[in-house]
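The values are calculated or read from the model by the stated rules, or taken from the named source; none is laboratory data. Predicted model, so just to flag it, every value in this text is computed and none were measured. All Cβ positions, glycine included, derive from the backbone under ideal geometry; neighbour counts span all protein chains shown. The accessibility values were calculated without ligands, DNA or RNA, using every heavy atom of the protein model including side chains. Shrake-Rupley method; radii C 1.70, N 1.55, O 1.52, S 1.80 Å.
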Amino acid sequence: EVFVIVSLTLFLPICLEQFARDNGYLLPDKTTPCTAVPAPPSIPGDSEEAGRCVVKLGWMWVDSASFSLYVNSISVALQALTVISMGNIADHPPHRKRLLLAFAFFGSLAATLFLLLPSSSPIWPASALLGICANVGFGASVVAMNAYLPTLARASEEVVSRRAELHATVSSTRHPREQTAVEARNGDESDFQNEPLLADEGGHVDEEEVENLRKEYNTALSRATSRISSQGIAFGYAAGILMLFVALVPVTLLHGTTFSLRLAIGLSGIWWALFSLPAAAWLPSSSLASKIDSENDAEAAWVEEEEENDGKREWSTRREIIGAWKRLGGMLHWREIKRLRYTFQYLAAWFLLSDGFTTITSTAILFGKTTLHMPPSSLILIGIISPCAGIVGSLLWPKLQRRFVWSNLTVIVVLVCLASLLPVYGCLGFLTFFKNGSVKFGGLTTPGEMYGLAVYFGTVYGAFQGYARAFYSELIPTGEEARWYALFSITDK
């Protein structure tokens with residue numbers, strides 16, 4: 001989140017545009033450096049072309065403002081190719097952590113190298129390569145990180161307790177030999193030493209009790225998933241805001257020079273690398289992650305099957321990458337869509353919802369600047385207020401969920417309904433009595449409303465991000481988290 005808040009959405013696009021401007025020339029003659037004049041000149045009869053800054057890349061001229069857009073588009077395309085290719089590998093517990101850390105340090109290194117690349121360098125186009133590498137590293141590491149979410153939720157104390165209670169109840173009805181085999185497979189016999197040798201009442205199963213325990217387990221797992229996801233969003237927002245304040249100091253003191261923008265991006269890269277070290281130290285090891293996943297459910301046959309396959313063949317990265325693309329074709333097969341219809345329905349909804357939220361976030365600042373004529377200081381303040389409200393929302397909504405005993409799906413529906421009120425409120429500004437100034441407040445026609453709506457939207461959006469990710473984890477097949485989160489990430493793009 002630090003790289004996203006500080007660099008990806010704020011300083012990186014500006015820095016790339018500044019790199020191009022520092023090396024570009026003004027139209028129409030392409031001889032006057034863009035930095036030679038404080039503002040583009042206005043030439044009658046050629047208002048559209050005159051004054052535009054263009055930079056030569058290879059054999060073609062590119063608008064300096066479009067340079068960062070091209071870089072972003074290329075990075076998103078490569079990010080999609082990368083996350084699909086790594087799906088099979090990240091689903092393999094021994095390699096998931098390695099991928100997460102490798103891409104995290106790859107992306108953070110690319111961001112940090114901005115410190116060493118001045119815009120006056122003859123290799124300044126390498127800034128585009130660094131931006132692409134940083135974005136690809138970020139996207140790939142996030143997919144690997146999200147794949148840990150179900151594992152971490154299953155390892156939480158409440159879920160472990162519910163699972164043990166459910167397993168003990170079911171195991172007490174099994175034949176002693178079957179029970180012993182299950183215990184041996186789970187690798188934990190101590191929990192069942194005090195269990196009776198024979199099941200009570202001749203092995204009679206209390207279906208109602210088992211069903212109630214299973215519901216309690218699913219509820220505990222759902223809450224643990226949403227809690228971990230929401231807390232992750234909250235901590236990420238908090239770190240991003242803190243780093244944003246730190247980065248704003250040199251940017252403000254140096255009046256937004258290219259060096260100050262490079263410094264902001266480099267600092268975000270250093271932060272990213274440093275705080276990847278706790279993940280390297282504390283995330284579950286491959287053996288522990290496999291143990292947690294295998295204990296999740298007695299029906300988790302994929303674990304045994306993959307273990308057998310791994311024992312029969314030597315690991316090959318090339319084969320896994322090819323297999324990931326084949327698996328993608330299988331995931332999008334009509335038979336698979338019918339089998340996992342709720343998962344694909346959610347992906348379709350996520351495609352629309354994420355686009356809606358992204359549209360609001362990407363146009364809000366532009367609307368405030370061009371329509372409400374808000375100064376830059378006010379726009380920066382709104383950019384800080386919204387993620388601060390996101391922290392509050394990420395922590396508040398799990399408490400409301402426990403208070404009203406809501407499922408993750410119910411919370412998402414409520415959040416979407418609340419978010420839908422924002423464009424409805426904005427549409428009020430088209431009404432006559434708002435447009436002609438009869439009413440001085442309402443319909444998003446005054447700058448003051450932007451502050452209140454920034455708090456409102458941030459509270460909703462911060463919680464929505466956490467719950468959307470958490471609910472999706474309930475719909476994907478166990479043991480295939482990375483490849484399905486890769487599809488989730490692509491749909492978001």
Can you name the residue in the range 131-153 that is of a type in the set (V, I, T) and open to solvent by less than 10 Å² (accessible area, probe 1.4 Å) and is also farthest from N72 (Cα to Cα) among such residues? T151
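When the residues of the range 85-130 are narrowed to those that are among the small types (G, A, S) and open to solvent by 40 Å² or more (accessible area, probe 1.4 Å), which ends up farthest from A247 (Cα to Cα)? Before you say what the answer is, go through the steps one by one.
To start, the set of residues in the range 85-130 that are among the small types (G, A, S) comprises 85, 87, 90, 102, 104, 107-108, 110-111, 119-121, 126-128.
Then drop every residue that is not open to solvent by 40 Å² or more (accessible area, probe 1.4 Å), which leaves 102, 120.
Values: A102: 25, S120: 22 Å.
The qualifying residue farthest from A247 (Cα to Cα) is A102.
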Among (1) outside the structural domain of K97 (by the TED database); (2) part of a helix (DSSP H, G or I); (3) at pLDDT below 85, the one test that V205 misses: (2)
Checking V55 against (1) of a type outside the set (G, A, S); (2) at pLDDT below 85; (3) outside any helix (DSSP H, G or I): exactly one of these is not met. Which one? (2)
Just to be sure I understand the filter: pairs with C-beta atoms under 6 Å, separated by 6 or more residues or on different chains, first member in the range 146-158 and closer than 11 Å to T225 by Cβ, second member open to solvent by 10 Å² or more (accessible area, probe 1.4 Å) and in a helix (DSSP H, G or I). Which pairs pass? L149/S473; P150/S473; T151/I292; L152/I228; A153/L221; A153/I228; R154/I292
List every residue pair whose Cβ atoms lie under 8 Å apart, where the two residues are 6 or more positions apart in sequence or sit on different chains, the first residue falls within the range 318-336 and is not assigned by the TED database to the domain that holds V83 and part of a helix (DSSP H, G or I), and the second residue, located anywhere, is of a type in the set (S, T, Y) and buried (at least 16 other Cβ atoms within 10 Å of the Cβ). I321/S85; A324/S85; W325/S85
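Would you pick out the residues in the range 241-279 that are hydroxyl-bearing (S, T, Y), without any contact (Cβ under 8 Å) to a residue 12 or more places away in the chain and in a helix (DSSP H, G or I)? If you could, list the steps in order and put the result at the bottom.
Initial filter on the range 241-279 (hydroxyl-bearing (S, T, Y)): 252, 257-258, 260, 268, 276.
Add one more test, that the residue is without any contact (Cβ under 8 Å) to a residue 12 or more places away in the chain, and what stays is 252, 257, 260.
Listed by number, the residues that qualify are T252, S260.
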State whether one or more residues within the range 410-426 are under 20 Å from L149 (Cα atoms) and either of a type in the set (A, V, I, L, M) or within 20 Å of the chain's Cα centre (by Cα) (or both). yes
Only one of L366, L352 that is at pLDDT below 70, within 30 Å of G383 (Cα to Cα) and open to solvent by 40 Å² or more (accessible area, probe 1.4 Å): L366
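Sort out which residues of the range 439-493 are of a type in the set (A, V, I, L, M, F, W, C), more than 26 Å from L328 (Cβ to Cβ) and open to solvent by less than 40 Å² (accessible area, probe 1.4 Å), and write them in order of number.
Narrowing the range 439-493 to residues of a type in the set (A, V, I, L, M, F, W, C): 439, 441, 444, 450, 453-455, 457, 460, 463-464, 468, 470-471, 475-476, 482, 484, 486-488, 490.
So of that shortlist, the ones also more than 26 Å from L328 (Cβ to Cβ) come out as 439, 441, 444, 450, 453-455, 457, 460, 463-464.
Once the filter is applied, which keeps residues that are of a type in the set (A, V, I, L, M, F, W, C), more than 26 Å from L328 (Cβ to Cβ) and open to solvent by less than 40 Å² (accessible area, probe 1.4 Å), the range 439-493 yields L444, M450, L453, A454, F457, V460, A463, F464.
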